[in-house]
Each structure stands twice: as structure tokens, then as C-alpha cells.
Amino acid sequence: MPVVTPAPLIEQSAAAVPLFGGGDLDSPPWLAQMATDAASSADWKIAEDEVDLLREAADDMDAQDQQFGGNRLWRPTRAHLLWVHHMIDRGIYDDRLGEQLHALAGKFTTSLGWFSYDAGLQAKARQYFSEALNAAMLTGDDVLASRTLSNMARQAVDLDKGREAIRFARLAQTHAGLWRAPTRVTALLAIREAQGHARVGDAFNCESAIKRAWKEWERGSGDRDPDWTTFLNQAELVCLEGMCRLDLGQTARAQQLLAKSEKLQDVAHSRNRGMCLGRLATAAIGAGDIDHSVDAAREAIALIRTAGMSSARAVQQLKIVHDGLAPQHRARGVGDLLEEIRAVVA
């Protein structure tokens, strides 16, 4: 299967950290002991059910991220990834199981990048995304490449690197074509491209990409949809469009869309709902609707305090709300809200 050469990666603001490096990336004691025990056996045959259990663990972690956020997930995910690499390096297995192990390592690595990104560990996230993309290129895994480049596009927008986000999203679309990706994937990649255009202020191309995203999404879901696209329901796509409108300065339209998204959000998925509320509060400030901004921010704070949301991105959005509302500190309810936000982000 052909492999597309990747665009230049995001420049590294910190030295690359090797997966098995020192410092806070040392193996946890339980893993070190298991590795020692495994190494003591000259005939460590990897069983298929071991790989199945690890794959289920990877799926569970992705589901927890969608519900609560990645702050508490990157450490256990890293430990699982270390173990998978140890299985690859020291275990005995046939070619078919070896392919599954390498695919599982790629899945853990790109998830680890996403969890690190959500936890605000941007340099680590870039490193893990780069490792996942390199693995995808070496193995010709276009599904992994599509997913990882989508993640990289999202991070690039948050790092205010809109042009890189566009390149990553378009390259992801090229890889998606190589495995004839289903419409949920093509919808996601189109809205990722739209977010890049919005960040650089290109309204024309942003509108075109948004239309493509909705056209693909409205074609419906299917059995081939990968698990990493299940979050892209109507509420989330409305939210992502609202974020585009906000970046384009279309604050009234953004507020309308984000308010609609918040009403559609599944209450069980506190991270996505919290992100939507934070963006809604920001849009409302831009539209001069201070009361609704205060209400949305208070709901986002409640998710952090009572619903188990654990996302540095959501907290960072509250900081943006705080700074936007600070000039309005004498307005009704604003002063108390600013104190609440400071207590949460401290």
C-alpha cells in the first residue's frame, strides 16, 4: 500500500523525550518487576488473549477520555505502552500476532499523545504524535496516520499554528483516501481543516470545509466507523463549527451554535460539554451577553467540581473567560464568578 510522505512536523519547543528515557518517564516499579520476570524466561510466548486484553484497555482509556478528559490517563497509558513495547522486543509470537502488537503500540502512542495534549503537556504530546506518525509510515498503516494527523491538526490550532493544522488535515485526508475511509472520518478531517482555516482568518475556505464536513456527516454512520470517531455526534460537530465561527470573529453566530451544542450534549460526557460551555462563555463575552457568559462559565465550573471532568484544556478555557470578563468585574455576578474561576485554576 502506498505511503504519503508527511509534511514537516510542528517544530519542537523542547528536546524530544525518548519513550524509554529517564526522569518522569522511568518504568513504574510493577512494570520493571514484570519485565524482569519475563526476561528471566527464555521462552516467553505471547498469548493472543494478552493482546486482546490490552486492546480492550486501550479502548477503555479512549472512552474515559471522551467522558472525563485526559489528565488522569496519560500516566497509565504510558505504562501500558511500555509493556507492549517490551512484549514486542522480548516476546515470542508469529507474524500475525506481531502485526497486532505493532498496531496496538501505535494505538496506545497516538492516544497517549492526545491525553498529553488534553493534560496541557504540549511538548510530550508532539513527541508521541511524531512517534505514532513515524510508526504509521513505517508499517503503511493509513488508518493510524489519518487518526494521528487529525490529532496533530487539532493541537496545531490550539498552538495558534493554523497553517500547519491545514497541512496536517489535508495530509490526513490523503491517507483516508488510501483506505477508503468512511464518512465519519472524512467529516472529522474536513472540520479539522476548517478549524485551521478559521484560525488564520480564511473565511472562504473555512466555509467550504464546514460544508464538506456536514455533507459527509449527514451521509450517516456505518459499521466501518473507527472507534476514534464515535465522539463526532451532532452536538460535537455543531460545537466544532461554533469554534470556527468564534475564531473568525463571528461571535453572535458562534454563541448561537455553541448554545445549541450545549443543549444537545450528552450529560455523561463532561469533558466535551465543559469545553463547549467554556467556548460558549467566550462567545457570549464577544457578543456583549455578559449574563449568559456568567451562566455558561458557572456550569463549566460545576462539571469540574462535581462531574469528575479532568481536562487542562477546559481549565485553560476558563482562564480565557476570566480575562475576558475581568473588565466587566462590576457587572452583576461577574465579581463572584471571577473568584470562583481563580479558585478552580489555582
Worksheet item: Yes or no: Q127 over 27 Å from L303 (Cα atoms), out of contact with any His (no Cβ under 7 Å at 6 or more places or on another chain), modelled with pLDDT of 95 or more and open to solvent by 20 Å² or more (accessible area, probe 1.4 Å)?
Response: yes
Worksheet item: If we keep just the residues of region 264-304 that are in a helix (DSSP H, G or I), of a type in the set (G, A, S) and surrounded by fewer than 24 Cβ atoms within 10 Å (Cβ to Cβ), which is modelled with the highest pLDDT?
Response: G286
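To keep it simple, each residue is scored yes or no on (1) open to solvent by 20 Å² or more (accessible area, probe 1.4 Å); (2) in a helix (DSSP H, G or I); (3) touching a strand residue (DSSP E or B) at 6+ places or on another chain (Cβ under 9 Å); (4) at pLDDT below 95.
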residue: D160; (1), (2), (3), (4): yes, no, no, no
residue: L188; (1), (2), (3), (4): no, yes, no, no
residue: F204; (1), (2), (3), (4): yes, yes, no, no
residue: W214; (1), (2), (3), (4): yes, yes, no, no
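One line per residue, one yes/no per condition, for (1) open to solvent by 40 Å² or more (accessible area, probe 1.4 Å); (2) farther than 22 Å from G274 by Cα; (3) without any contact (Cβ under 8 Å) to a residue 24 or more places away in the chain:
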{"residue": "V185", "(1), (2), (3)": "no, yes, no"}
{"residue": "I191", "(1), (2), (3)": "no, no, no"}
{"residue": "G201", "(1), (2), (3)": "yes, yes, no"}
{"residue": "S208", "(1), (2), (3)": "yes, yes, yes"}
{"residue": "P226", "(1), (2), (3)": "no, yes, no"}
{"residue": "T229", "(1), (2), (3)": "no, no, no"}
{"residue": "Q234", "(1), (2), (3)": "yes, no, no"}
{"residue": "L237", "(1), (2), (3)": "no, no, no"}
Practice prompt. Kindly provide the set of residues from region 305-346 that are open to solvent by 40 Å² or more (accessible area, probe 1.4 Å) and touching a residue at least 60 places away in the same chain (Cβ under 8 Å), ordered by number.
Written response: Q316
Response to the item:
Residue pairs within 7 Å by beta carbon, gap of at least six or interchain, first lying in region 59-71 and over 16 Å from Q265 (Cα atoms) and assigned to a helix (DSSP H, G or I), second of a type in the set (F, W, Y) and modelled with pLDDT of 85 or more, listed first then second, are D62/W228
Discussion item. Return the residues of region 47-62 that are open to solvent by 50 Å² or more (accessible area, probe 1.4 Å) and in contact with a helix residue (DSSP H, G or I) (Cβ under 8 Å, 6 or more places away or on another chain); say none if nothing qualifies.
Written reply: E48, E50, R55, D59
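The values are calculated or read from the model by the stated rules, or taken from the named source; none is laboratory data. Predicted model, so just to flag it, every value in this text is computed and none were measured. Cβ sites come from the backbone with ideal geometry, for glycine too, and all protein chains shown count toward neighbours. Only protein heavy atoms, including side chains, enter the accessible area calculation; ligands, DNA and RNA are left aside. Shrake-Rupley method; radii C 1.70, N 1.55, O 1.52, S 1.80 Å.
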